[in-house]
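Comments concern the structure below.
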Amino acid sequence: MTKKINYTDEPMKTGRVVKDFLPGPEGLTFRKERVLTLRLDEPTLAELKEVADHKGLGMSTLVRMWVRERLAGNSSV
């Protein structure tokens, strides 16, 4: 049999107050992303996978980073 709980009217000890670490509602919006299909030959895919593995990234993440870097560097194109 389990121990019986004795309830009292004693005041509870409160914990410490933690500062809110989440951004406000405007900072919680989701990014709208769309899927792009890209066809690459096997040797290119193998090289891409090797570079991504060496950097500890997924292939899609690496390609997305490269596209963003290229677009940021060549705004006149």
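Observations on the structure shown:
- Excluding ligands, DNA and RNA, the accessible surface per residue across the stretch 21-62 is 100 Å² with a 1.4 Å probe.
- Relative to the longest principal axis of the Cα atoms of the chain, the long axis of helix 42-55 lies at roughly 40 degrees.
- Judged by the gyration tensor of its Cα atoms, with axes a ≥ b ≥ c, the chain is prolate; a/c meets the 1.5 cut and a/b is the larger of a/b and b/c.
- Solvent-accessible area, 1.4 Å probe, carbon plus sulfur percent, for the chain: 57 percent
The values are calculated or read from the model by the stated rules, or taken from the named source; none is laboratory data. Everything quoted here is computed from the prediction, not taken from an experiment. Remember, those area values only see protein heavy atoms, side chains included, never the ligands or the DNA or RNA. Shrake-Rupley method; radii C 1.70, N 1.55, O 1.52, S 1.80 Å.
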